[in-house]
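K.L.:
Right, I'll just put the structure down here and ask away after.
The values are calculated or read from the model by the stated rules, or taken from the named source; none is laboratory data. Note that this is a predicted model, so its numbers are computed, not measured. Counting neighbours? That spans all protein chains shown, and the Cβs are built from the backbone with ideal geometry, glycine included. What goes into the accessible areas is simple: the full protein's heavy atoms, side chains included, and nothing from ligands, DNA or RNA. Shrake-Rupley method; radii C 1.70, N 1.55, O 1.52, S 1.80 Å.
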Amino acid sequence: MKNQAYRMAMLYDFYGDLLTPRQKEFYDLYYNDDLSLAEIAENYDITRQGVRDTIVRAEKTLEEIEEKTGLIQRYHRTRATAASLRDLCGQIQALNQAKLANQELDALCTRLGEAIDDLERE
């Protein structure tokens, strides 16, 4: 369940602006504010089934967009690669400090770390 909630939150963060205003509102109330279908239905004076249908359509739309664009998958791959690069940079710096004490190599690792930071901010 936690994994599904995380996936729905990621989908909404990436693609939520592509939903209709009503889909966005119901989706947000259901997933982010943790309101039940019945509570949303009561607040908007519609049926519980109507709320469910709207949320299901929103989920389907978000899933279809991710299938077509793959932005979330690319985001996770980029984060994993950045973490690997950061780890390798740390190993190079440790090796440099232990054996070479080369200031130029240390400066290059610092610049590489800054480039990784930039990559992660995007």
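K.L.:
Let me check against my output: what whole-number percent is the relative contact order of the chain, with C-alpha pairs under 8 Å and at least 6 apart?
P.N.:
Working: 68 pairs, mean separation 26.3, N = 122.
Worked out over the chain, it gives 22 percent.
K.L.:
Here's something else I'd like to know. What is the distance in Å between the Cα centres of segment 30-54 and segment 74-122?
P.N.:
If you average the Cα positions of each part, the centres end up 47 Å apart.
K.L.:
In degrees, nearest 10, range 0 to 90: what is the angle between the Cα axis of helix 48-69 and the longest Cα principal axis of the chain?
P.N.:
30 degrees
K.L.:
Using the beta-carbon distance between Gln91 and Glu122 and R0 = 22 Å, what value does 1/(1 + (r/R0)^6) give for FRET efficiency, to the nearest 0.05?
P.N.:
Working: r = 24 Å, r/R0 = 1.11.
The pair Gln91/Glu122 has a calculated efficiency of 0.35.
K.L.:
Distance in nm between label sites at Arg57 and Asp106, each 7 Å beyond Cα in the beta-carbon direction?
P.N.:
Computed distance between label sites Arg57 and Asp106 equals 6.2 nm.
K.L.:
Looking at the chain from every direction and averaging, what is the projected area of its Cα convex hull in nm²?
P.N.:
Working: hull surface 38.6 nm².
For the Cα atoms of the chain, the hull's average projected area reads 9.7 nm².
K.L.:
In addition: Using Cα atoms only, what is the angle between the long axis of helix 71-95 and the major principal axis of the chain, expressed in degrees (0 to 90) to the nearest 10?
P.N.:
Value to nearest ten degrees: 20.
K.L.:
Separate question: Loop only by DSSP, 10 or fewer other Cβ within 10 Å of the Cβ. Give me the trypsin sites (Lys or Arg not before Pro) in segment 54-122 that pass, ordered by residue number.
P.N.:
On the way: sites: Arg57, Lys60, Lys68, Arg74, Arg77, Arg79, Arg86, Lys99, Arg111, Arg121; in loops: none.
The qualifying sites: there are none.
K.L.:
Calculate the spin-label point distance for Glu67 paired with Asp34, positioning each point 7 Å from the Cα along the beta-carbon direction, and give it in nanometres.
P.N.:
3.2 nm
K.L.:
Send over a whole-number figure in Å² for the accessible area per residue of segment 8-64, probe 1.4 Å.
P.N.:
Working: 3380 Å² over 57 residues.
For segment 8-64, the solvent-accessible area averages 59 Å² per residue.
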